[in-house]
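Step one of this worksheet: look at the structure below.
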Amino acid sequence: MHVHILGICGTFMGGIAAIAKSVGHTVTGSDHNVYPPMSTQLEQLDITLFQGYDDSQFTPTPDMVIIGNALGRANPAVEYVLNKGLAYTSGPQWLLENLLKDRWVLAISGTHGKTSTSSMLAWIMESAGLAPGFLIGGVPENFGISARVGQSPFFVIEADEYDSAFFDKRSKFIHYRPRTLVINNLEFDHADIFEDLNAIKKQFHHLVRTVPGNGRIISPADEPNVQSMLEMGCWSEQSLVGNASESRYKATKISPNCSEFLLTHTSDIQGRVSTIVNWPLIGEHNMNNAVTAIAAAHHAGVDIKDAVAAMATFKNVKRRMEVKGVVNGITVYDDFAHHPTAIKTTLQGLRASVGKQKIVAILELRSNTMRTGVHKNALSTAWEEADSVHLLEPAHLTWSLNDVINNSKTLVIPHKTVQSIVDAVVKSAQAGTHILVMSNGGFGAIHQKLLNTLGEIDG
């Protein structure tokens, strides 16, 4: 078939493009904004891309149009599909009908940590020789791709609570029908589609209802929002992680930055078994992600010791504390954090790793939720581990940054342009400075601009 994907450069839709291509379909697609790493992956797959949404992209007429959830009515391509009566579907529905319905699906859900945990799980299963398929909202460096079909019944998927399409407002993960479900955490997010936390809980409980009785739900014992949601009704086996007494899987940090920690697993047959994990990642949030990934792999039959061994060779995910370059002793990182909790845990992990060295945080208030101001009170304390913060103020912001700036104990400097941030940060950076860029978008290629400018000064 000829499959045409609208909104192809999103990580999810780009992953579907890779899967559709690998199973023999002709794949084309369009988007209005292209940036790495997804643009690079699509180019490597030799997938034809159209810039924008004009009618010319529908010649020849595709057999199926997959419409991304970022597109709605009034989009020219969407209107063309509807007016011409072309066959169309959502990405999650296409994935279910063409791939997931016959697989053991391991779904990783939650407000934070989905991409990292999914990548860890896929790598554990790969290292165990299970050759899983996967679709992840990022590019795991161990694989170099965000999606593949796999060569076994197992399929790992990042299970996003965002809606499926303009014509299907259910969360994407409702379509996945997992046998193994991880729920990492649950906070209010996506203020553009959810009214409050209870609305999100409702979608998560719909997901819980799809897990079979012989399936397993893995969740942290110390996340009250998750546990209260499960108390609404659960019909599957539950396995708790965390440091509560009833948890089956626990982690205790050995090194301050969690690059070494003790994993303890308790079972009815073997009793309590502890194993030390040595791995390249840092931060308690990553340690917790690793524990849930190990627990999920264990449900699929991977021995705990084999899972622990795999973590030693895990290479993280692009845009998750990814070092973009080092110039004259100044390190520039890229991270996807765009929610106060993620910003806080990312900075805590970096601080634990670099000690008292200077950390400069750069943040783009890009997400729909950030733009509404719903998290503005939490923002002022989220970056406390940084020495200074540079904010890119989005156009047409409906609330004032002054409230956040005045309530912050950390120096916060607002900027109107990316170049202004680059100039200010480079001017004050010295050897030993760590520059952490946080955004869920391309951020005007700020990482390379920082490195280029630092290199010019060094030269």
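The values are calculated or read from the model by the stated rules, or taken from the named source; none is laboratory data. This structure is a prediction, so every number in the text was calculated from the model and none was measured. Glycine gets a Cβ as well: all are built from the backbone with ideal geometry, and neighbour counts include every protein chain shown. Each accessible area value is taken on the protein alone, full model and side chains, heavy atoms only, with ligands, DNA and RNA left out. Shrake-Rupley method; radii C 1.70, N 1.55, O 1.52, S 1.80 Å.
Tabulated data
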{"item": "Residue within the stretch 395-410 that is at pLDDT 90 or above, open to solvent by less than 70 Å² (accessible area, probe 1.4 Å) and outside any helix (DSSP H, G or I) present", "result": "yes"}
{"item": "Within the stretch 291-307, tally of residues that are among the aliphatic types (A, V, I, L, M), open to solvent by 10 Å² or more (accessible area, probe 1.4 Å) and farther than 21 Å from Ala221 by Cβ", "result": "1"}
{"item": "Qualifying residue in the stretch 421-429 (condition: buried (at least 17 other Cβ atoms within 10 Å of the Cβ) and outside any helix (DSSP H, G or I))", "result": "yes"}
{"item": "Filter result for Val208 (in contact with a helix residue (DSSP H, G or I) (Cβ under 8 Å, 6 or more places away or on another chain) and closer than 21 Å to Thr115 by Cβ)", "result": "no"}
{"item": "Listing of helices (runs of 4 or more DSSP H) fully contained in the stretch 1-97 that carry 2 or more residues being in contact with a strand residue (DSSP E or B) (Cβ under 9 Å, 6 or more places away or on another chain), at pLDDT below 95 and closer than 23 Å to Gly442 by Cβ", "result": "11-22, 38-44"}
{"item": "Residues of the stretch 76-85 classified as open to solvent by 30 Å² or more (accessible area, probe 1.4 Å) and of a type outside the set (Ser, Thr, Tyr), total", "result": "6"}
{"item": "Which numbered condition Pro220 fails, given (1) closer than 30 Å to Leu379 by Cα; (2) within 18 Å of the chain's Cα centre (by Cα)", "result": "(2)"}
{"item": "Extreme residue, nearest to Asn98 (Cα to Cα), among residues of the stretch 27-75 that are surrounded by 13 or more Cβ atoms within 10 Å (Cβ to Cβ) and over 28 Å from the mean Cα position of the chain (by Cα)", "result": "Asp63"}
{"item": "Strands (runs of 3 or more DSSP E) wholly inside the stretch 128-233 that include at least 1 residues being closer than 24 Å to Ser247 by Cβ", "result": "154-158, 180-183, 216-220"}
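Conditions (1) in contact (Cβ under 8 Å) with a residue 60 or more places away in the chain; (2) surrounded by 15 or more Cβ atoms within 10 Å (Cβ to Cβ); (3) among the aliphatic types (A, V, I, L, M); (4) under 16 Å from Ile218 (Cβ atoms), marked per residue:
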{"residue": "Glu231", "(1), (2), (3), (4)": "no, no, no, no"}
{"residue": "Val241", "(1), (2), (3), (4)": "no, yes, yes, yes"}
{"residue": "Ser245", "(1), (2), (3), (4)": "no, no, no, no"}
{"residue": "Leu263", "(1), (2), (3), (4)": "no, yes, yes, yes"}
{"residue": "Ser267", "(1), (2), (3), (4)": "no, no, no, yes"}
{"residue": "Gln270", "(1), (2), (3), (4)": "no, no, no, no"}
{"residue": "Val273", "(1), (2), (3), (4)": "no, no, yes, no"}
{"residue": "Ile276", "(1), (2), (3), (4)": "no, no, yes, no"}
{"residue": "Ile282", "(1), (2), (3), (4)": "yes, yes, yes, no"}
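Here's the yes/no breakdown for (1) in contact with a helix residue (DSSP H, G or I) (Cβ under 6 Å, 6 or more places away or on another chain); (2) crowded, with 16+ Cβ neighbours inside 10 Å:
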position	(1), (2)
Phe336	no, yes
Lys376	yes, yes
Leu391	no, yes
Gly432	no, no
